[in-house]
1. For the chain, give the share of DSSP beta bridges that are antiparallel, in percent and rounded to the nearest 5; count only bridges with both residues there.
2. Please give the helix 41-53 orientation as an angle from the longest Cα principal axis of the chain, in degrees from 0 to 90, rounded to the nearest 10.
3. Subtracting the Cα-Cα distance from 0.36 nm times the residue separation, let me have the gained length for Q152 to E328 in nm, one decimal.
4. Once you have the Cα-Cα distance between E278 and A42, take 0.36 nm times their residue separation minus that, and quote the gain in nm to one decimal.
5. Using only the alpha-carbon atoms, what does region 1-112 span along each of its principal axes? Please give whole angstrom values in decreasing order.
6. For the chain, set up a GNM with springs between Cα atoms under 10 Å and report which of L104, L77, L205 has the largest fluctuation.
7. To make sure I understand the rule: partners must be lysines, Cα under 23 Å from the Cα of K407, and not fewer than 8 residues away in the same chain. Which ones qualify?
8. When the dipole is taken about the Cα centre of region 158-242, and only Lys, Arg (+1) and Asp, Glu (-1) are charged at their Cβ, what size is it in debye, to the nearest 20?
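The values are calculated or read from the model by the stated rules, or taken from the named source; none is laboratory data. As the structure is a prediction and not an experimental result, all values here were calculated from the model. Glycine gets a Cβ as well: all are built from the backbone with ideal geometry, and neighbour counts include every protein chain shown. The accessibility values were calculated without ligands, DNA or RNA, using every heavy atom of the protein model including side chains. Shrake-Rupley method; radii C 1.70, N 1.55, O 1.52, S 1.80 Å.
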Amino acid sequence: MANQILKSPVATRILLVRHGLSSFNLEGRIQGREDASLLSAAGEQQARQLGKALAELSIDAILCSPLQRAQRTAQLLMECQGGKAAITSSNLLLEIDLSPWFGLTRNQVAEQYPEAHLQWKQAPAELQLQQADGRPYLPVQELHSQAEQFWQQLTTEHPPEANHTVLVVAHNGILRCLLLAALGLPASHFNRYRINNCSLSVLNLRPGGEVQIESLNTISHLDDPLPQRSGGPRLLLVRHGETNWNREGRFQGQIDIPLNDRGYAQAEAAAQFLQNVELDRAYTSSMARPRQTAEAILRAQAKAVPLTSCGGLVEIAHGEWEGCLEAEIQAGWPDLLAAWQSHPHTVEMPSGETIQQVWDRSVQSWQAIVAGLSNQETALVVAHDAVNKTILCYLLGLSPADIWAVKQGNGGVSVIDYGPGGIGEPVVAGLNLTGHLGGVLDRTAAGAL
């Protein structure tokens, strides 16, 4: 699967960074937008580590929350990064307002405000609190509106054609809402993302206003490469390594092209990245390239892990486009190719499939895998670009029309956590993690499917 958006040069790149571990984070206390919490020694080290990881990048602008834990993170990061851009504070990057709970531990909030705490956990967008003057307010919805204002300001000052790299340093809640604002999603999706301390998330802003998530919640520059898991099952979704047709930009679809040497190297890198993660089950598309990738990952495991083949995870059928370069498709189906590049959900490949058909079978396969896992199990799922994108769009609350909003590099890893019993909203704890392939930014080729 190929697309003009993915193949075009990155226009404006937006780097989202949460502040390092703070004093209140260490104590498990609610900090919100109050400014009593300081960056801890561990948080300072995290900021330096990220700065070093970004040392080769040219940063044009730095926008930061005015709160001191974020300001200190930005200062230390830039000292190690070596850039010269000035730090600009914005009140639109203030953290969520949880002032009635300020300074309380999470356990104290649960004990003193049991109903509100349950609302915060299960449906945070509906949480209502009271200000000191008695005014009721909806903190998550107000934060979402704040994020929309910031996103509008950011994209006005740094449009795609500016080709800028903008660093944004802020907080957990506002960064989650900023992701929602960028993707046009409602505040009700607040809990679908995880943003770790000093993690890096990357958004690409393309001509025409398209937003692509290049990566989400990368922490490979820190001591633990994967976020801590929740209380339920965890799934690791991986795209297969590179093939010769990926490299050439051919639409491969359901033609069974094997990995090339670089693809095997990417699979081995993913295996080393995940070797200390105890896998219990593994699932793969029935095609050679994901199976070869899965087998390489499983060889690095300390125990034997069963590998199950799933027909519902095979790549999209490109029909008559399979084996063709984009220029050849342009010559034969110019209007259909243009529709595929701008409105993919409207296209049925000549003698092939629609994205909706891929969505239906891949999501059904994903749901069946989740349903078969116990709380402590971790499953590996290795599939293809289009399949992974449909699954991730489903998890993020996007639609089949949005598949170009998610990047999947060859050998990239995404991490999805569920609550106990596999119920409740899934949490995308990491998306397109590619640090094991060299650097915290995705330098893998987009390739064709």
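1. Details: 28 of 57 bridges.
Of all bridge pairs located within the chain, approximately 50 percent are antiparallel.
2. Rounded to the nearest ten degrees, it is 40.
3. The Q152-E328 span can extend by a further 59.5 nm.
4. Values: separation 236, 0.36 × 236 = 84.96 nm, distance 2.70 nm.
Separation in residues times 0.36 nm, less the Cα-Cα distance, equals 82.3 nm.
5. Here the spans come out as 53, 36, 25 Å, largest first.
6. Among L104, L77, L205, the largest mean-square fluctuation in the Gaussian network model of the chain belongs to L104.
7. List returned: K7, K389.
8. Working: 7 positive and 6 negative charges, 76 e Å.
For this selection, approximately 360 debye.
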